[in-house]
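The structure appears below as structure tokens.
Quick note: the coordinates plus some simple rules give every number you see, no bench work behind them. On a predicted model such as this, the values are computed, not experimentally measured, just so you know. With ideal geometry, Cβ positions are generated from the backbone for all residues, glycine too; neighbour counts draw on all protein chains shown.
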Amino acid sequence: MENGNNAAASPEEVRRSPAFGWAARDTSGVLSPFTFSRRKNGENDVTIKILYCGICHSDLHSVKNEWQNSVYPIVPGHEIVGVVTEVGGKVDRFKVGDHAGVGCMVNSCRSCHECAGHHENHCPGMILTYNSTDVDGTVTYGGYSDSVVVEEHFAVRFPVGMPLDRGAPLLCAGITVYSPMKRFGFDVPGKHIGVVGLGGLGHVAVKFGKAFGAKVTVISTSPSKRQEAVERLGADAFLVSKDPDEMKAAWGTMDGIINTVSAAHEVTPLLSLLKTFGQMVMVGAPEKPLEIYAFPLLLGGKSIVGSIIGGMKETQEMIDFAAEHNVTADIELIAMDYVNKAMERVAKADVRYRFVIDIGNTLSAA
Amino acid sequence: MAVGGSCSSHEYRSPHHSDRKKAMAELGNGKKQASPEEVHPRKAFGWAARDKSGVLSPFAFSRRNTGADDVTIKILYCGICHSDLHTAKNEWSNAIYPMVPGHEIVGVVTEVGQNVQNFKVGEKVGVGCIVNSCLSCQNCNRDYENYCPRIILTYNSLDVDGTMTYGGYSNMVVVNQHFVIRFPENLPLDKGAPLLCAGITVYSPLKEHGLDVPGKHLGVVGLGGLGHVAVKFGKAFGMKVTVISTSAKKEKEAIERLGADAFLVSSNAEQMQAAMGTMDGIINTVSADHSIAPLAFLLKTHGKMIMVGAPEKPLQLPIFSLILGGKTLAGSCIGGIKATQEMIDFAAKNNITADIELIPISYLNEAMERLTKADVRYRFVIDIGNSLTEA
């Protein structure tokens, strides 16, 4: 790894196992076949032959450089599930043949206060599954590929019987809603939780909410989603956010709200739905600033709190909980070569509710 | 902070409910609303604003008789809260004139109703922002009368008997004992009065959000009536306190007189950068429009910023900072009665009082003018006992 120069080592110099995937080359975000390499499996590593990878909206933001931090070529994908094909000498949680997943993180400093508290997601040295610089100076490549090598600590065991394709999105969407729902006590039976936005994150929040025994109300701009929300996903109620009468009838009724919307929207009317001391958790990250009026926060001691994914311990706990309670994502399984079309549809929120790439069956070296 | 009290149709189960019903019946069914001078049996006088100029002048009105659960208080001091100014000028579009402001009231008990056990004639007591609530909802039952949907404020609110409440810029007040605060012997009355609003407004959220732990780092934004008291409470809790202000000239004051550990000028990018990610919590007392994003960056992961000032224009949410740091933006409005008593007792024990400028009632309008320019260190208190006389 010490190659005597200051530039990040080229991936081919450091890594030794060939790998294949699809990458975006520029801000158009268009993906195409890409050959690269992964590091050899170290003593703490597991190698996973990827079977499925979910498409997260963050993947789209990254390939198009919408967050101004993209380093091309980018191989996105952080909802990775597959089968373990190799384990390092010090690995004790996995054996060859196990099903395992990788979410949004592949490394952290492992020594700071946040890491010690199992909040690797807040470690200042946290390394993302793709588009990040790893400890060896190489750029990380994500799950739109045939394999991944990851430290055991950042791999998640998939219990036997857990569907792999429908479980993949839980590795980002799932933990993103599960973590704050647990942290803020939305998992107490009988609580009333609002879920704003019915997409990849929102639909999973509804399912977890019901599994926790909460009353769940979906708040959406689209009246057309009502039947789906109530009949298929099991939500107890549905509010159209642009209907002032419906909203007013629900004022002061919710213990908490999970706001998954990443488009610009009016946040202040949502605050009125909260009971005294209610909390609204923001997990969607809109491009333009959101604004709120201060008064509704004060008159009711209410809060707005941000949350981003969750730590590894929590992620494993979430997968185990999901397996036990049959919580999986609603997906549209696609072939690798459909990925660009799928990205276009993600931009229009035209999917019920997550695309998952059937890597195992459709990704082949060019 | 004033909430328009439209309490006309609801079930009250407060102790004086039957007295109130009688009083309402006595008002006359369907007759024209009695004038403020007539409606209660006891004469009172104070200063009132008559219109949205906010200019105050002598005003004769009336108070109710001491009910079974009431405490009658001869007012000695009343603090001037910025809310008094907002309300008197109808800035919150809910003013009903004539209006007698004032919700930082301290005085001496002159009469108690037959059900009153906890207060005796001659005792020093205070009244804050709340004079009534339903006392039966979930919030009241958890000692959060400040969040009762049927809260009745000390002034500019419609009381259960259909009359307007009049506040502490007056010679006396009659209050349900539940809402009266006992003043410990050693707490100075004049310097203690502002605690009844400013004090509880910062104390309550600091306690609620765990920002009272020795060694934690608290940021206080704005050094005015609320801010200076927050610094004092923060230090009394054993915390490290940093004041964040737009005015560099407040630094000496903040550190040398108020005991703050550090001072940041919010427009000084270097200073703000150096303090990034260092604070467990921030209490934001500023009610002028301002950007909260730079303040959010000062918070540690999982840090909380509590708004106790209410700027008029919407706040621009620093969403990325909130999400990436798991941070909280919370609001808080005064506190419950139990918390208010606890706060007063804590202040007495720890010698915490407000820094005040004592004024005669005749100076009132000028004080209000100066308040619009934040030209006071840090609260005006009206010396009611010695300067308010019947016109």
### Message
Let's test this: bin the Cα-Cα distances of segment A:229-353 at 10 Å from zero up to the farthest pair and state each bin's percent.
### Response
10, 29, 37, 20, 3, 0
### Message
Below 8 Å, C-alpha to C-alpha, sequence gap of six or more: please give me the relative contact order for segment A:124-233 in percent.
### Response
17 percent
### Summary
Kirkwood Rh for segment A:39-172 from C-alpha pairs, in Å, is 15.0 Å
### Message
Taking 8 Å as the Cα distance limit and 6 or more residues as the minimum spacing, I'd like the relative contact order of chain A as a percentage.
### Response
18 percent
#### Entry: trypsin sites (Lys or Arg not before Pro) restricted to DSSP loop in segment A:262-366 with at most 12 other C-beta within 10 Å
A:Lys348
### Query
Among rounded, prolate and oblate, which fits segment B:95-191 when a ≥ b ≥ c are the square roots of the eigenvalues of its C-alpha gyration tensor, a/c under 1.5 means rounded, and a/b larger than b/c means prolate?
oblate
### Message
Using Cβ counts within 10 Å as a stand-in for footprinting exposure, how do A:Met318, B:Met164, B:Met239 rank, fewest first?
### Response
B:Met164, B:Met239, A:Met318
### Query
Where the only charges are on Cβ atoms (+1 Lys, Arg; -1 Asp, Glu), what is the dipole of segment B:226-346 about its Cα centre, to the nearest 20 debye?
80 debye
### Message
Rounded, prolate or oblate, given the Cα gyration tensor of segment B:99-145, with a/c below 1.5 counting as rounded?
### Response
oblate
### Summary
Checking segment B:305-391 for GluC sites (Glu not before Pro) in a loop per DSSP with at most 14 other beta-carbon atoms within 10 Å yields B:Glu312, B:Glu390
### Task
Would you mind counting up the charge near A:Ser108? Only other residues with Cβ under 11 Å from its Cβ, with Lys and Arg at +1 and Asp and Glu at -1.
-2
### Message
Give me the dipole magnitude in Debye, nearest 20, for the protein assembly as shown about the Cα centre, with unit charges on the beta carbon: positive for Lys and Arg, negative for Asp and Glu.
### Response
1060 debye
### Message
Per 0.36 nm of contour for each residue apart, how much would the distance between A:Thr362 and A:His118 grow if the chain were fully extended, relative to their Cα-Cα spacing?
### Response
84.3 nm
### Message
Just to confirm the number: angle between the C-alpha axis of helix A:312-324 and the first principal axis of chain A, 0 to 90 degrees, nearest 10?
### Response
70 degrees
### Cα-Cα over 27 Å, subset of B:Lys216/B:Lys327; A:Lys288/B:Lys240; A:Lys49/A:Lys90; A:Lys302/B:Lys232
A:Lys288/B:Lys240
## Note on the structure
Once the in-chain neighbours fewer than 8 apart are removed, the lysines whose Cα is under 18 Å from B:Lys338 read B:Lys124, B:Lys207, B:Lys349
## Note on the structure
Within segment A:181-286, DSSP-loop chymotrypsin sites (Phe, Trp or Tyr not before Pro) with at most 16 other C-beta atoms within 10 Å are A:Trp251
## Note on the structure
The answer for the longest stretch of chain A without any exposed GluC sites (Glu not before Pro) (DSSP loop, at most 16 further Cβ atoms within 10 Å) is A:67-265
### Query
When Rg is the radius of gyration of the Cα atoms in chain B and Rh is its Kirkwood radius, what does Rg/Rh come to?
0.98
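Using only alpha carbons, build the gyration tensor for segment B:168-289 and give me the equivalent ellipsoid semi-axes, biggest first, whole Å.
Ellipsoid semi-axes (Å, largest first): 30, 16, 13.
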### Query
Quick one: putting +1 on the C-beta of Lys and Arg, -1 on the C-beta of Asp and Glu, what dipole do you get for chain B around its Cα centre, in Debye to the nearest 20?
380 debye
### Message
Based on C-alpha coordinates, I'd like the Rg and Dmax of the protein assembly as shown, in Å.
### Response
30.3, 96
### Query
Does segment A:85-160 come out rounded, prolate or oblate by the C-alpha gyration tensor, with a ≥ b ≥ c the root eigenvalues, rounded set by a/c under 1.5 and, if not, prolate when a/b is larger than b/c and oblate if not?
oblate
